[in-house]
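Here is the structure we will look at.
The values are calculated or read from the model by the stated rules, or taken from the named source; none is laboratory data. Predicted model, so just to flag it, every value in this text is computed and none were measured. Neighbour counts are summed over all protein chains in view; Cβ atoms, including those assigned to glycine, are modelled from backbone coordinates with ideal geometry.
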Amino acid sequence: MVQPYRHEPFTDFTLEENKKAMEEALSLVKSELGKEYPLIIGGERIYTDNKLTSFNPAKKDEVVGYVSKADKELAEKAMQVADETFEWWRKSTPEMRADILFRAAAIVRRRKHEFNAWIIHEGGKRGKKQMQISQKVLTS
């Protein structure tokens, strides 16, 4: 049975375990900055020579990552795969779709500090703003 919707509770950073988890996530993400990221089309990872560079807007010399850019051919392939996948999704049962979405939500919930750390770097938040943003993740 599907549980009724409820807001994700705020993270209480006065608790040492939450503060430590966020600090660990920030360290993890910092160690991963500057990596290259592929396009993913139909489960296939595709690296291209043409890249989009993502910078931390608060620290212009900090590269968050390099993302492969699609040319017209790859964009067409992605659209074709999306159309085919939508047909499968459309024909699947509501229970199956709900199960997939609930599993995705569980992953985000488990990794919320890590996702928050990425948002902090991509959005350019520093210092005290980091913890303020952490309290907003998954609640808006």
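When residues in region 103-134 are screened for being surrounded by 13 or more Cβ atoms within 10 Å (Cβ to Cβ), at pLDDT below 90 and assigned to a loop (DSSP other than H, G, I, E, B), 2 of them pass. Pairs meeting the criteria (first residue in region 75-102 and modelled with pLDDT under 95, second residue not in a helix (DSSP H, G or I), beta carbons under 7 Å, at least 6 apart or on different chains) are Ala98/Val2. Just to verify a result, which residue in region 29-51, among those that are closer than 25 Å to Lys112 by Cβ and of a type in the set (Ser, Thr, Tyr), is surrounded by the most Cβ atoms within 10 Å (Cβ to Cβ)? This residue is Tyr37.
When restricted to residues that are in contact (Cβ under 8 Å) with a residue 24 or more places away in the chain and of a type outside the set (Phe, Trp, Tyr), region 43-68 contains 13. Kindly evaluate Lys77 against the criterion of being under 18 Å from Trp118 (Cα atoms) and part of a helix (DSSP H, G or I). Spelling it out, it is not the case that Lys77 is under 18 Å from Trp118 (Cα atoms) and part of a helix (DSSP H, G or I).
Checked against the criteria, Ala25 does not count as surrounded by 12 or more Cβ atoms within 10 Å (Cβ to Cβ) and farther than 17 Å from Glu114 by Cβ. Scanning region 14-42 for residues being closer than 21 Å to Ala106 by Cα, over 15 Å from the mean Cα position of the chain (by Cα) and of a type outside the set (D, E, K, R) gives a total of 3.
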